[in-house]
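Encoded as structure tokens, the structure appears first; notes follow it.
The values are calculated or read from the model by the stated rules, or taken from the named source; none is laboratory data. Because the structure is predicted, anything quoted here is derived from the model rather than measured. Using ideal geometry, Cβ is built from the backbone for each residue, glycine included, and neighbour counts are taken over all protein chains shown.
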Amino acid sequence: MADILIIDDERAIRKTLAEILGFEGYKIEEASDGEEGLKKFSEKNFDAVLCDIKMPKLDGIEFLDKAKAINNDVPIIMISGHGNIETAVDAVKKGAFDYISKPPDLNRLLITLRNATDRTKLTTETKVLKRKVNKTIDMVGDSPAINKIKNTIEKVAPTDARVLITGENGVGKELVARWIHEKSNRNDGPMVEVNCAAIPSELIESELFGHEKGSFTSAIKQRIGKFEQASGGTLFLDEIGDMSLSAQAKVLRALQEGKITRVGADKDINVDVRVVAATNKNLLQEVEDKNFRLDLYHRLGVIIIHVPSLKERKEDIPKLVEHFTKIITADYGQPNKEIEKAALLKLQNNNWGGNIRELRNVVERLIIMSGKKITGDDVDSYV
């Protein structure tokens, strides 16, 4: 059922459109002027918007400009009884999906709205498919440690329980998070990733919760934060141990209450997000050192999944090497390369400090530098 926002300062027109579209199966929300409409638009993901042009406080063209800056994917249909061809052209140039004169022809309105919501659906489906094609990777291995992780994911994924993934750098914590999302009931929604270690501490709150225009020096326009972007899906907080204490306090509130507040705003926004976090740090030690909040640790760690290092699952290395070889040769448009047993044995006995990430890089190097087969001598030369 598509969500439609109707913005018009004439109550009778709003009610008439709401009644007609409600009868057609749409879910309707109304706003009496552009400012109220923009507020609702920024707080919820609509499938389409019907917007009058002549309105008090914020007219339709101004609303169009501001709404496009917030979410460019939502089709906005302009309606007006005072317009002309120049107004229509101007609206379409600024990004309006279509322009309809008042009183609207009912058939044209319904067809335009159906086309608009179909486009929204296709845009969403395309993003989801791209994400699945580009990001979803098999979890390779039959070691007891990996089988335990797979079994845990099968049990945990269909719930909304928060998960904390621990392990060294390069072990595949992001892959575990993706599996949890793909096997969850939220897999048709977005999975939004935040690398907490890569964002300066002074910007992390804006990144997570968004900000209002003018809330600080470089805030030249409103920004939707990652919590809002992930609404209906999964938010993956990678390297959560590197988050500042002030940001931790706000994340804790978001988890407790399901609400966030943008930087520079005083209004709460409800968010429906499943949080999965990951860290390469010992968070209990970080708590001891007063770098991490104990209450946040307990909120995040409803389920804790530890991903073992490669030296703890050496029996999986031959399968991982064969798996990476197939993927990389296919990417390069090459036939799959045979790997000699001596080469596999040497790779299996290597000390992989960088874990799976390092192993994949080495396999790629061997494919590029070796001949028709990957031999033990190749491993000695290039590892």
Have a look at Asn355, Asn361, Asn349 and point out the one that is exposed (fewer than 13 other Cβ atoms within 10 Å of the Cβ) and under 29 Å from Gly167 (Cα atoms). Asn349
Step by step: first the residues of region 22-52, then only those that are assigned to a loop (DSSP other than H, G, I, E, B) and among the charged types (D, E, K, R), then the one that is nearest to the chain's Cα centre (by Cα). Which residue is that? Lys44
What do you reckon, is Ala278 under 28 Å from Pro158 (Cβ atoms) and at pLDDT 95 or above? yes
For region 207-230, give me each residue that is surrounded by fewer than 21 Cβ atoms within 10 Å (Cβ to Cβ) and not basic (Lys, Arg). Glu207, Glu212, Gly214, Ser215, Phe216, Thr217, Ser218, Ala219, Ile220, Gln222, Ile224, Gln229
Among residues of region 230-264 being part of a helix (DSSP H, G or I) and of a type in the set (A, V, I, L, M, F, W, C), the residue modelled with the highest pLDDT is Ile240
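Conditions (1) within 17 Å of the chain's Cα centre (by Cα); (2) without any contact (Cβ under 8 Å) to a residue 40 or more places away in the chain, marked per residue:
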site	(1), (2)
Leu208	yes, no
Gly214	no, no
Gln229	yes, yes
Lys250	no, no
Phe292	no, no
Gly301	no, no
His306	no, no
Picking from Thr375, Thr329, the residue that is without any contact (Cβ under 8 Å) to a residue 40 or more places away in the chain and surrounded by fewer than 18 Cβ atoms within 10 Å (Cβ to Cβ) would be Thr329
Entirely in region 131-229, the helices (runs of 4 or more DSSP H) that have 2 or more residues that are under 23 Å from Ala254 (Cβ atoms): 173-182, 204-209, 226-229
May I ask you to say which residue of Phe209, Phe292 is in the same structural domain as Arg178 (by TED's automatic domain parsing) and within 25 Å of Val171 (Cβ to Cβ)? Phe292
Of the residues in region 1-30, those that are closer than 16 Å to Ser80 by Cβ and either touching a residue at least 24 places away in the same chain (Cβ under 8 Å) or out of contact with any Asp or Glu (no Cβ under 9 Å at 6 or more places or on another chain) (or both) come to Ile6, Ile7, Asp8, Asp9, Glu10, Ala12, Ile13, Thr16, Leu17
State which residue is nearest to the chain's Cα centre (by Cα) when the search covers only region 335-350 and only residues that are over 16 Å from Glu315 (Cα atoms) and charged (D, E, K, R). Lys337
Of the residues in region 176-186, those that are crowded, with 19+ Cβ neighbours inside 10 Å and either out of contact with any Ser or Thr (no Cβ under 6 Å at 6 or more places or on another chain) or among the basic types (Lys, Arg) (or both) number 7
Within the group Asp47, Asp52, Asp73, which residue is in contact with a Gly (Cβ under 9 Å, 6 or more places away or on another chain), under 27 Å from Asp105 (Cβ atoms) and acidic (Asp, Glu)? Asp52
